[in-house]
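Since the structure comes first, as structure tokens, the remarks are kept for the end.
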Amino acid sequence: MTSPIATPHLRHGTIVTLPGDFFGYFAWPTVARLDNGDLVVVASGLRHDHVDPFGRTLFMRSRDEGQTWTSPTVINDLPIDDRDAGIVDLGNGRLLVSWFTSDTRQYPEVVARCESSDPEVARHYANGFRKVTDDAVSRWLGSWTRLSTDGGDSWSEPRRAPVTAPHGPITLPEDEALLYFGKSFAGSRDATRSNGIAAYRSEDLGRTWALLGRAPVHPNTVDEHYHEPHVVALADGRLLGLIRIQDRAGAPSLAAAGIPHFSMMQTTSDDGGRTWSTPEPLGFHGSPPHLLRHSSGAVVATYGYRLTPFGERAIVSYDGGTSWDTNLVLRDDGPDTDLGYPSSVELSDGALFTVYYQKRAPGELCSLLWTRWQLPLAP
């Protein structure tokens, strides 16, 4: 991997920011480009912090390739925390949104805010946790999708999904089926027994899912190390997946396996997701990934960088992931580590449009931001 370089033709902007509002925290976005050229973004937002009981799934649209955005529309406001929104364009006005929910009662430091000395904090958190009942958790904990057939104006009832990933499923170009490369998580009512990474396929717009296969683990690692994958279909039909990997209490140290904490592992499938190669480390800090196949043939992976200088980065492969030749800095002005989850689309002129969350200034809550940039010439 080469040293990081400046990115050509960078421009930055804001999708939504409410830095002075109690519920002004936004995070974990995904962007999609529709048939008519509109850009749509979903995210978790109108919340107060990285972990709280307030998270909602929001939907925003741009009709001018990201220059201006509609105000957020609330898609989901379940009794428990709605997190990590993904979106995929299915064509003809059909959109699929994915997300997962969390029982934030498991975090004592968050529940303790109900007794905060700040009256506003105590009041809001007490009200938020009143909704997080055993019945609500039993009904709503898990991974979900919703379908729109009118471009995002209305949505189906939530449907359970077997796995979760920050940016959701993808469509397979050869048959328009959905492929969900994700992780089942403990506590989900329909979670599989393993907490590893698995691929599922849906041929009915996410109503039902069939297990294809599971990704193995690298030697001296365990399933609990692996999180938040994303996958892309290459021109030759292969599937290329990247997976967030990090240390976890009670699991073997990644250092013994020569793998950096908070980095990415790469795996491929030659048979549509039924079998996967043993994940191999990319060997540098940064995660979680989002993958895009550019019209030029290049594969672009964007990721958050949580070491100094904090920010958003991208790597580019010109040989289908065999090597990653270009390491790009999209921005390096993050005030702290609460940032990342970038995802990208290609615009009409071949430029890349990447959305992510980050604080605009120290002390602010996180906003949804964007960067427009160009791929450098292949080496």
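No lab work stands behind these numbers, since they all come straight from the coordinates. The shown structure was predicted, so the numbers you read here are calculated from the model rather than taken from an experiment. Because the Cβ atoms are built from the backbone with ideal geometry, glycine has one as well, and the counts that use them run over all protein chains shown.
Going by the alpha-carbon gyration tensor, a ≥ b ≥ c the square roots of its eigenvalues, is the chain rounded (a/c under 1.5) or, if a/c is not under 1.5, prolate (a/b greater than b/c) versus oblate? Rounded shape, in that the Cα axes give a/c under 1.5. Pair-distance distribution P(r) for segment 177-313, from all Cα-Cα distances in 10 Å bins starting at 0: 12, 40, 36, 12, 1 percent. Under a 5 Å amide H cut-off, with hydrogens placed 1.01 Å from N, Val51 pairs with nothing among residues at least 5 apart or on other chains. The overall shape of segment 251-379 is oblate: from the C-alpha gyration tensor, with semi-axes ordered a ≥ b ≥ c, the ratio a/c is 1.5 or greater and a/b is no larger than b/c. Using Cα-Cα distances under 8 Å and only pairs 6 or more residues apart, what relative contact order does the chain have, in percent? Contact order relative to length: 17 percent.
Overall, the chain carries a charge dipole of about 360 debye about its Cα centre when +1 sits on the Cβ of Lys and Arg and -1 on the Cβ of Asp and Glu, all other atoms neutral.
Using all pairs of distinct alpha-carbon atoms, the Kirkwood hydrodynamic radius of segment 116-163 works out to 13.6 angstrom. Multiplying the residue separation of Leu307 and Leu377 by 0.36 nm and removing their Cα-Cα distance gives an extension gain of 22.5 nm. Model label points for Ser296 and His261, set 7 angstrom from Cα along the Cα-to-Cβ axis, are 3.6 nm apart. Quick one: Debye curve from the alpha-carbon atoms of segment 208-257 only, equal weights, vacuum; give me log10 I(q)/I(0) at q = 0.16, 0.17 Å⁻¹ to two decimals. Taken in order of the listed q values, log10 I(q)/I(0) reads -0.59, -0.65. Within segment 114-229, the proportion of C-alpha pairs whose separation exceeds 19 Å stands at 59%.
Here the Kirkwood formula, the inverse mean of 1/r across different C-alpha pairs, assigns segment 2-86 a hydrodynamic radius of 14.1 Å. Our Cα-only numbers for segment 91-134 put the radius of gyration and Dmax at 15.9, 52 Å. Determine the distance separating the Cα centre of segment 275-304 from the Cα centre of segment 1-65; give it in Å without decimals. Centre-to-centre (Cα) distance: 20 Å.
For segment 58-146, the normalised intensity computed at q = 0.10, 0.16, 0.17, 0.22 Å⁻¹ comes to -0.38, -0.79, -0.85, -1.08 (log10 of I(q)/I(0), Debye sum over alpha carbons, equal scatterers, no solvent). Looking at Ile75, Ser184, Leu369, which one has the Cα that reaches farthest to the positive end of the dipole of the chain (charges on Cβ: Lys, Arg +1; Asp, Glu -1)? It is Ser184.
Per-residue ellipticity at 222 nm from helix content only, as computed over the chain with -39500 (n - 2.57) for each DSSP H run of at least four residues, stands at -1500 deg cm²/dmol.
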